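Taking it in order: structure first as C-alpha cells, then the write-up.
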Amino acid sequence: MFAAMLTVAAPAAAQGKLEARYDVTLAGILVGTGAWTVDILDDQYSAAASGGATGLLKALAHGTGTGSSQGRIVNGALIPASYIATISSSKKSETIRMSLAGGNVKDFVIEPSPPVDPKRIPVNDAHKRGVFDPMSATLLRAPGTTDPLGPSACHASTGIFDGRMRYDLRLDFKRMDTVKSGKGYQGPVVVCAIFFSPIAGYVPDRFAIKYLAAERNMEIWLAPIAGTRVLVPYRLTIPTPLGTGKLEATEFNTTALPPQTAAKTR
C-alpha cells in the first residue's frame, strides 16, 4: 500500500536503513506482531518483512507470513524488480512470486494455483502496466528538496498489483503529528488519509472489498528513513465493524548511511 512520489534525483549520500517492529491490534486487543527492514542505497533498495498471529488469534488461525522486494533507484525513482510473499496457516500455504521491469509486471505465479472464481473481475495486460508491488508501494519518496515531512508527501496516488488483485491507493494530507516509539524514532510524522479503489482481480460482492472502498476514515502515519527522502508507515488505522484495526511501530530504528558505509553493505 502507499507508493512513491519519485520525481527528483537523489544525491549519492541519500542512503539509510530501517529496522522496525510492529504490533497489530483489533479493538485494542493484540492479534499480531511483525518485523520490517528496509535498505535504501544510492542505486538500489530492498525491503523484507515477517509477521504472525498472536494471542487468541494465534490459537484460532496460527497464521504467519513473509515478504520481500528489491529494485533499482534511477534518477531518484524507485523501480521495482522482484517481489515474493508467502502466507501460511494451519490449513494451507501460498507463495506469490512476481518480476517487474519499468513499472510493468513481466510475469507472476501463485503456488499452488488458486481455484478459478467466475465472479472475479479478470486482470488484463493493461492492469499490469504502471504498477508497484505491494511492498515497494509502502516506500514513499517525498517530492522536492525541502523537508520531506510535509503536506506534499501525501499528494500521492499509485497503482498496485499483488499477484491477484489490481487496485489504486490515493493519499490526501490530514495533519502533522508526533510519535515516540518504545525504541528508536521520536519526532514528527505526516498523517495522510487513505482511499482504496479496486480495479480488477476481485469479487465485487465481497463485503471486505465494498467496505474498504467506502471507508473514508483510514489513516497512515509516515515517518522518515534517516539520510533519505523516503517515508514509511509508522502507524496504520482502519475502522472495522469489530473495532479499530491498527498497525503501529513499537521499535523504529533508522540510521543514515554515508556513501562509504553503504558501499560495504552491498
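Would you mind telling me which numbered condition in (1) in contact (Cβ under 8 Å) with a residue 40 or more places away in the chain; (2) in contact with a Ser or Thr (Cβ under 9 Å, 6 or more places away or on another chain) residue 93 fails?
It is condition (1) that residue 93 fails.
Might you check whether a residue that is over 20 Å from residue 155 (Cα atoms), exposed (fewer than 13 other Cβ atoms within 10 Å of the Cβ) and in contact with a Gly (Cβ under 8 Å, 6 or more places away or on another chain) occurs anywhere in the range 217-227? Break it down stepwise before answering.
From the range 217-227, those over 20 Å from residue 155 (Cα atoms) are 226-227; that's our starting set.
Within this subset, residues satisfying the condition of being exposed (fewer than 13 other Cβ atoms within 10 Å of the Cβ) are none.
No.
Just give me the residues in the range 239-263 being in a loop (DSSP other than H, G, I, E, B) and within 22 Å of residue 33 (Cα to Cα), in sequence order.
Going through the range 239-263, the residues in a loop (DSSP other than H, G, I, E, B) turn out to be 241-242, 257-258.
Listed by number, the residues that qualify are 241, 242.
So residue 70 ticks every box in (1) within 23 Å of residue 159 (Cβ to Cβ); (2) at pLDDT 95 or above; (3) open to solvent by less than 50 Å² (accessible area, probe 1.4 Å) but one. Which box is left unticked?
Of the numbered conditions (1) within 23 Å of residue 159 (Cβ to Cβ); (2) at pLDDT 95 or above; (3) open to solvent by less than 50 Å² (accessible area, probe 1.4 Å), the odd one out for residue 70 is (3).
Scan the range 208-237 and report the pairs whose first residue is in contact (Cβ under 8 Å) with a residue 12 or more places away in the chain and whose second residue is open to solvent by less than 30 Å² (accessible area, probe 1.4 Å) and of a type in the set (D, E, K, R), with Cβ atoms within less than 6 Å and a gap of 6+ or a chain change.
Matching pairs, first to second residue: 229/141; 230/141; 237/219.
Just a yes or no: is a residue in the range 95-105 out of contact with any Pro (no Cβ under 7 Å at 6 or more places or on another chain), closer than 25 Å to residue 23 by Cα and modelled with pLDDT of 95 or more? Steps first, please.
Within the range 95-105, the first condition is being out of contact with any Pro (no Cβ under 7 Å at 6 or more places or on another chain), and the residues that meet it are 95-99, 101-105.
With closer than 25 Å to residue 23 by Cα added as a condition, the list becomes 95-96.
Among the residues that remain, those that are also modelled with pLDDT of 95 or more are: 95-96.
Taking every residue of the range 95-105 in turn, at least one turns out to be out of contact with any Pro (no Cβ under 7 Å at 6 or more places or on another chain), closer than 25 Å to residue 23 by Cα and modelled with pLDDT of 95 or more.
What number of residues in the range 161-204 are of a type in the set (D, E, K, R) and either modelled with pLDDT under 95 or under 21 Å from residue 108 (Cβ atoms) (or both)? Write out each step before concluding.
The first filter runs over the range 161-204 and keeps only residues of a type in the set (D, E, K, R), leaving 162, 164, 166, 168, 170, 172, 174-175, 177, 180, 183.
In the following step, the residues that additionally are either modelled with pLDDT under 95 or under 21 Å from residue 108 (Cβ atoms) (or both) were identified as 162, 164, 166, 168, 180, 183.
Count: 6.
How many residues does the range 119-150 contain that are at pLDDT 95 or above, hydroxyl-bearing (Ser, Thr, Tyr) and either farther than 19 Å from residue 170 by Cβ or touching a helix residue (DSSP H, G or I) at 6+ places or on another chain (Cβ under 7 Å) (or both)?
Of the residues in that region, 0 qualify.
Of the residues that make up the range 230-238, is at least one of a type in the set (Ser, Thr, Tyr), under 20 Å from residue 20 (Cβ atoms) and in a strand (DSSP E or B)? Spell out how you get there, then give the answer.
Here is the first cut: in the range 230-238, the ones of a type in the set (Ser, Thr, Tyr) are 234, 237.
Those left that are additionally under 20 Å from residue 20 (Cβ atoms): 234, 237.
Among the residues that remain, those that are also in a strand (DSSP E or B) are: 234, 237.
Taking every residue of the range 230-238 in turn, at least one turns out to be of a type in the set (Ser, Thr, Tyr), under 20 Å from residue 20 (Cβ atoms) and in a strand (DSSP E or B).
Given the conditions (1) touching a strand residue (DSSP E or B) at 6+ places or on another chain (Cβ under 7 Å); (2) acidic (Asp, Glu); (3) not in a strand (DSSP E or B), report the number of the one that residue 172 does not fulfil.
Checking residue 172 against (1) touching a strand residue (DSSP E or B) at 6+ places or on another chain (Cβ under 7 Å); (2) acidic (Asp, Glu); (3) not in a strand (DSSP E or B), the one that fails is (3).
If I go through the range 169-216 residue by residue, how many of them are surrounded by 14 or more Cβ atoms within 10 Å (Cβ to Cβ), charged (D, E, K, R) and in contact with a helix residue (DSSP H, G or I) (Cβ under 8 Å, 6 or more places away or on another chain)?
Here the count works out to 1.
I need the strands (runs of 3 or more DSSP E) fully contained in the range 74-160, keeping only those with at least 3 residues that are in contact with a Lys or Arg (Cβ under 9 Å, 6 or more places away or on another chain) and either under 22 Å from residue 15 (Cβ atoms) or open to solvent by 20 Å² or more (accessible area, probe 1.4 Å) (or both).
77-88, 104-111
Before we move on, is residue 242 open to solvent by 10 Å² or more (accessible area, probe 1.4 Å), of a type outside the set (Val, Ile, Thr) and at pLDDT below 95?
yes
The values are calculated or read from the model by the stated rules, or taken from the named source; none is laboratory data. If you're wondering where the values come from, they're calculated on a predicted model, not measured in any experiment. Here the Cβ is made from the backbone with ideal geometry for all residues, glycine too, and neighbour counts use every protein chain on show. For accessibility, only protein heavy atoms count, side chains too; no ligands or nucleic acids. Shrake-Rupley method; radii C 1.70, N 1.55, O 1.52, S 1.80 Å.
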